[in-house]
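To start, the structure under review is shown below, and the notes come after it.
Readers should treat all values here as calculations from the given coordinates under stated rules, not as data from a laboratory. In this text, all values refer to a predicted model and were calculated from it rather than measured experimentally. Here the Cβ positions follow ideal geometry from the backbone for every residue, glycine too, while neighbour counts run over all protein chains shown.
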Amino acid sequence: MTKPVFAGRDSVNVAIIQASPVFMDKKATLDKAAKLVDEACAHKNMDLIVFPESYVPCFPYWQQGYSDPSGDWFDVHVRFQDNAIYVDSEDGKFLADLAWKNGVNLVMGCTEIDDAAGSRTLYNALLYYDRKGNLIGRHRKVMPTNQERCFHGCGGGGENLLVYQTDIGRLGGLVCWENHMFLIKAAMICQGEEIHVAVWPGTWSGMPLPDMTYVDRESKNPQNYNTCDIEPAIREYAFESQCFVISACGYQPEEEVPDDFPYKAKTNWDWACGGSAIVDPFGCYLVEPVYGCEKIITATLSAELIKAAKNGFDALGHYSRPDLVQIKVSGLKGCGTKYAPPLLLE
């Protein structure tokens, strides 16, 4: 028997839902998500659907003005809590039924409220549902970035850093700048990812040029390697792991934010412009970044590309040196490491 890729499939059909949420409205956003999943599955036999970072109820783009002493933070944060996903409730059942009804693997980016008794901490999370509607895992971002720490707590280790064996192969994911955390990346890659989900809140242009000046969106492509870190991150992740990267970026037009939202005028919404893309195991685009619109972005992933990429550079095979370097993940023991190579210690 040939050793399988994609759990024995020749190909996998994937879709990114690049669409705006119904701002800070969980129920309406879930209803919109359901319609978009139905649409994606209607025209193609879909295997995997991915939503961007904190799609439900929205990403907290207003973090730049959050320290304003006006007192608006109180009502806004309570509203954000009340619209976060509570997995052990009708929220989780809705997502499970959505995956089951469409017979598709679903990865939902959301703000999740802790299900521990007495806790109301929020996490920047990815929820994984299989075709039967089972919640097979969740990932909570291990380190909120900059002002995100005003909204989200820190995710843990062990089962929080798992790659999942699914009917379409080894599936894992990271949130935003986790895709730069080299030890976290190694922990995921060393579990044999074949499809990696990378989610982001949009595409920014805040990286300095070599002369330490900044560029604006009109003068440069925002995902140019000199102005945003996303493009090199996803292409390098794909190349160094020999897996496909499904990069889902948030989209939030300013005109869809209600005028009575207290931070609307204080927030830079320009970078909530999308930029979703799909990269093959050689680090080349299958679908180049898509900006400035709602779109269901689809691609067919070929198992042969993984095989061909690993022939040249196999990070877990002939390019691994477990006699020199290994990585230990705290709390991972018993969480599926039978799939892991010698590079990964329990």
Reach of Lys93 by Cα under 18 Å, taken over lysines that are not fewer than 8 positions away in the same chain: Lys26, Lys27, Lys32, Lys35, Lys101, Lys132
Sequence of Cys243, Cys228 once ranked by neighbouring C-beta atoms within 10 Å, starting from the fewest: Cys228, Cys243
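Counting other C-beta atoms within 10 Å, which of Asp97, Asp88, Asp323 has the fewest, and how do the rest follow?
Ranking Asp97, Asp88, Asp323 by Cβ neighbours within 10 Å, fewest first, gives Asp323, Asp88, Asp97.
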Net charge, Gly92 excluded, C-beta distance under 11 Å - Lys, Arg +1, Asp, Glu -1: -4
Spin-label model distance (nm) - Thr145 vs Glu39, 7 Å beyond Cα toward Cβ: 2.7
Gaussian network model of the chain, Cα within-10 Å springs - most flexible of Ala116, Ala19, Ala96: Ala116
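Can you give the relative contact order of the chain as a percent, counting alpha carbon pairs under 8 Å and 6+ residues apart?
20
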Antiparallel DSSP beta bridges within the chain, percent to nearest 5: 60
Other-chain or far-sequence residues with amide H under 5 Å of Gly169's (modelled H): Ala7
Exposure proxy order (Cβ contacts within 10 Å, fewest to most) of Thr111, Thr267, Thr145, Thr300: Thr300, Thr145, Thr267, Thr111
Linear extension gain, Asp323 paired with Phe74, 0.36 nm per residue minus alpha-carbon span: 84.3 nm
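What does the extension gain come out to for Asp115 and Asn134, with contour length at 0.36 nm per residue minus their alpha carbon separation? Please list the in-between numbers first.
Working: separation 19, 0.36 × 19 = 6.84 nm, distance 1.73 nm.
Between Asp115 and Asn134, full extension yields 5.1 nm more.
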Distance histogram in 20 Å bins (all Cα pairs of the chain, percent per bin): 31, 59, 9, 0
Spin-label pair Asp10/Ala308, simplified geometry with 7 Å Cα→Cβ offset, distance in nm: 1.5
Shape call, region 1-110: gyration tensor on alpha carbons, a/c limit 1.5: prolate
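So which trypsin sites (Lys or Arg not before Pro) in region 68-160 pass both tests, a DSSP loop state and at most 15 other Cβ atoms within 10 Å of the Cβ? Before the final figure, lay out each step's value.
Numbers: sites: Arg79, Lys93, Lys101, Arg120, Arg131, Lys132, Arg138, Arg140, Lys141, Arg149; in loops: Arg120, Arg131, Lys132, Lys141.
In loop regions of region 68-160 (DSSP not H, G, I, E or B), the sparsely surrounded trypsin sites (Lys or Arg not before Pro) are Arg120, Lys132.
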